[in-house]
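One structure is given here, and the rest of the page talks about it.
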Protein chains: 2
Amino acid sequence: MSQAEFTISDSKVICYFDTSFTQISRIVPPENLIVVTDENIDGFYGHLFLPFRKIVIAPGENNKNRAGADFIIDRLIEMEADRSTLVLGVGGGVVTDLTGYAASVYKRGIRLAFAPTSVLAMVDAAIGGKNGLNTGFLKNIIGTTYQPEFILFDYNFLTTLPAVEWESGFAEIIKHACIRDMQMFETLERLSLHDYRQDASLLASLVEENVKLKMQIVLEDAYDRDLRLLLNFGHTIGHAVENLHAIPHGHAISIGMVAACNLSEKSGYLHFEEAQRVVRLLERYHLPVDLETEPARVFEILKSDKKRDGGFMNFIMLQGIGNGMIVPVEISFLEENISAVL
Amino acid sequence: MSQAEFTISDSKVICYFDTSFTQISRIVPPENLIVVTDENIDGFYGHLFLPFRKIVIAPGENNKNRAGADFIIDRLIEMEADRSTLVLGVGGGVVTDLTGYAASVYKRGIRLAFAPTSVLAMVDAAIGGKNGLNTGFLKNIIGTTYQPEFILFDYNFLTTLPAVEWESGFAEIIKHACIRDMQMFETLERLSLHDYRQDASLLASLVEENVKLKMQIVLEDAYDRDLRLLLNFGHTIGHAVENLHAIPHGHAISIGMVAACNLSEKSGYLHFEEAQRVVRLLERYHLPVDLETEPARVFEILKSDKKRDGGFMNFIMLQGIGNGMIVPVEISFLEENISAVL
């Protein structure tokens, strides 16, 4: 068990790394706590939630929408949650996003914390305070920025995590390595998914490194509004692909990172060998690197992406591995090249 | 035309006082603007909105809910609004609240401004960045805090404002005077609703004074979290009464202020003569000062009020006119006294 504290624009966020969920009653008085989780997590870990009030939502990305958030808000109203209440999202990214949004708008914001139960949520979704709801084809088109008071990392939750979810989590980890951390990239090249699933201490230190890397970007972003855009590496095309094909988030992001590497190469920022090295690392972690798709339809969805500003879109490219960079790309350039890079 | 600039926790808000709506194209490029208004305002002033894209919502407090906000968000999606888009809420408090909420969560926040068209919106709803949505009996139970870039005050909009809406606006003005400004209270005693409706310059300076008073409270609140609670004077009981009887907001607040004065007197903070002076001023501005109601049901609604924290509720009392003060009141004390003060 180790602990780290981050201050993000006036909000203090405490990370309890490698901490058993059963410690939660030492952090928050049980009567102030409402657990929000999904049916899957509740099925496996319901016994842990017995001391607390609980809201159980339907699982899956399909429920990460306004109806899903409204369901939580309506339960908070019924439970007469007030500003002394702490809402604890226990689950993957769908749970943390829905819980974060609901907590941020109910009574204009009540207390919030997370206990992420997937690799993806631990290294990404639960970190940074951004939440998002989907509508139709549009990912995260609605959302707020709202920090949890604390995040509790209990790696025991990962024992029931399906293989595909492990892969999804590593897609974000590889993303972090690509944009900011050559050393992490090399460590990932040396080890394998099997190693991390077998050795809890390897995993614990990887998660901590990734949390700190993302927190650092979020913190620096207070001074440099654009820095956080780096985290969109692989996500612009990835989200569009995810909408079109209903493939797992991490798979879509993997495809998106390959496309972004191709675009970086095409624009002269990345060597062919480096792009190949990224592709090989993705394959090493069982992530797909190509896909039968319809580039024209991918482009249509891209056009309505929330990161668009006028005729340009900020696109994240790599100027070498470990060095992400924001490049404003004309929408028309994307349209011309989408077939070639995808 | 005069201009004032306020900085509220990093957000700059410009007030264009006494400025014709037709100046709007000088402030924002027309192609970046989406006007959000209601059917009533659009009926009277639709010709002003011709150069702009427009979202027209159904009027009335009944629409200040999640469905109302979702309607605006869905139109923003259809119009492919992006972060260069400025959403301008033109209307009363319902329009400014719905527009503020929608703009704050669409793409995690796009540009926002207001042109308030009622006295209430000019001196209160459009000021301070708080918005709120109702669900069932609960007022403003959902909301965000999100500042507009600017607020444009065109008093010509008031020529079509119904009498009851003038009265509602003056309820908030009298509230401001009660909690912070004895001099404004005396001016209001000397003049009348008729005077303010006849003399645009009297009205203009009253609106400016009220905007500055509320902005000052919002600004100071950054250092003293409780200060802003003063603005709830008359609102705790007022909101409960409003829910129960579907009377106009200002009428309910007037009843609430009388109840709060009675409670202040009962608690020894306010003299009987001062309470009577507040009652007389409310009557002078055509506001109701008593009501046939069911105190037990009012209390039930109070209990679920969002300002409750555990067994206490922060209640705003007057320690003399012009001097509001926050008093944590036990819920049980309220329950015992609700019949006597209402």
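The values are calculated or read from the model by the stated rules, or taken from the named source; none is laboratory data. Please read these numbers as outputs of a predicted model, since none were measured by experiment. Because the Cβ atoms are built from the backbone with ideal geometry, glycine has one as well, and the counts that use them run over all protein chains shown. In case anyone asks, the SASA skips ligands and DNA or RNA and just uses the protein heavy atoms, side chains included. Shrake-Rupley method; radii C 1.70, N 1.55, O 1.52, S 1.80 Å.
Kirkwood Rh, Cα Rg: Rg to Rh for segment B:1-138? Taking Rg over the Kirkwood Rh, I get 0.93. A:VAL28 sits among other residues whose Cβ lies under 13 Å from its own Cβ, and their net charge, with Lys and Arg +1 and Asp and Glu -1, is +1. Rolling a 1.4 Å probe over the protein chains gives B:ARG53 an accessible area of about 90 Å². Computed on protein heavy atoms with a 1.4 Å probe, the accessible areas place A:THR22, B:THR160 in the order A:THR22, B:THR160, largest first. A 1.4 Å probe, protein heavy atoms only, puts the accessible area of B:LEU158 near 10 Å². Dividing the mean sequence gap of close Cα pairs (under 8 Å, 6+ apart) by how many residues segment B:1-160 holds gives a relative contact order of 26 percent. Proximity of backbone amide H atoms, modeled 1.01 Å from N, is registered between B:ASP154 and B:THR19 at under 5 Å, excluding neighbours fewer than 5 places apart on the same chain. Its relative contact order, with pairs defined as Cα atoms under 8 Å and 6+ residues apart, puts segment A:205-342 at 25 percent. Relative contact order for chain A: 15 percent, from Cα pairs under 8 Å spaced at least 6 residues apart, divided by residue count. Restricted to Cα atoms, the protein assembly as shown shows a radius of gyration and a Dmax of 27.2, 86 angstrom. Checking the cross-link pairs A:LYS212/B:LYS303; A:LYS64/A:LYS212; A:LYS214/B:LYS139; A:LYS107/A:LYS175 against a 32 Å limit on the alpha carbon distance flags A:LYS212/B:LYS303; A:LYS214/B:LYS139; A:LYS107/A:LYS175 as lying beyond it. With semi-axes defined as the square roots of five times the eigenvalues of the C-alpha gyration tensor, the equivalent ellipsoid of segment B:196-251 measures 24, 23, 5 Å, largest first.
Loop-located chymotrypsin sites (Phe, Trp or Tyr not before Pro) in segment A:192-270 (DSSP state not H, G, I, E or B) with no more than 14 neighbouring Cβ atoms inside 10 Å: A:TYR223. For segment B:213-330, the orientation-averaged shadow of the C-alpha convex hull comes to 7.6 nm² (one quarter of the hull surface). Between B:ILE326 and B:LYS303, the simple spin-label model (points 7 angstrom out along Cα→Cβ) gives 2.5 nm. Normalised by 2.2 N^0.38 Å, where N is the number of residues, the C-alpha radius of gyration of chain B stands at 0.96.
Run the paramagnetic zone check for B:GLN183: 7 angstrom along Cα to Cβ, then residues of segment B:5-22 with backbone nitrogen under 20 Å. The answer is B:5, whose backbone nitrogens lie closer than 20 Å to the label point. Of the GluC sites (Glu not before Pro) found in segment A:257-320, the ones in coil according to DSSP and having at most 15 other Cβ atoms within 10 Å of their Cβ are A:GLU292. Ordered by 1.4 Å accessible area with all protein chains kept, B:ASP74, B:ASP82 run largest first as B:ASP74, B:ASP82. Among the protein heavy atoms, those of B:ASP18 account for about 80 Å² of accessible surface (1.4 Å probe, every chain in place). Each copy carries a label point for B:LEU191 at 7 Å from Cα toward Cβ; from one copy, the others' points are 7.1 nm away, ordered from shortest.
Per residue, the protein assembly as shown exposes 38 Å² of accessible surface when a 1.4 Å probe is rolled over the protein heavy atoms with every protein chain present. Charge tally around A:THR19: other residues with Cβ under 15 Å, Lys/Arg +1 each, Asp/Glu -1 each, net -4. A Cβ-based charge dipole, computed about the Cα centre of chain A with Lys and Arg at +1 and Asp and Glu at -1, lands at about 660 debye. The residues packed around B:THR117, meaning those with a beta-carbon under 12 Å from its beta-carbon, carry a net charge of -4 if Lys and Arg are +1 and Asp and Glu are -1. Accessible surface ranking for A:HIS245, B:HIS235, 1.4 angstrom probe, highest first: A:HIS245, B:HIS235.
Under the simplified labelling scheme, the B:THR145-A:GLU39 pair shows an inter-label distance of 3.9 nm, with each label point 7 Å from Cα along Cα→Cβ. The contact between chain A and chain B removes approximately 2700 Å² from the accessible area (both sides summed; 1.4 Å probe; ligands, DNA and RNA excluded).
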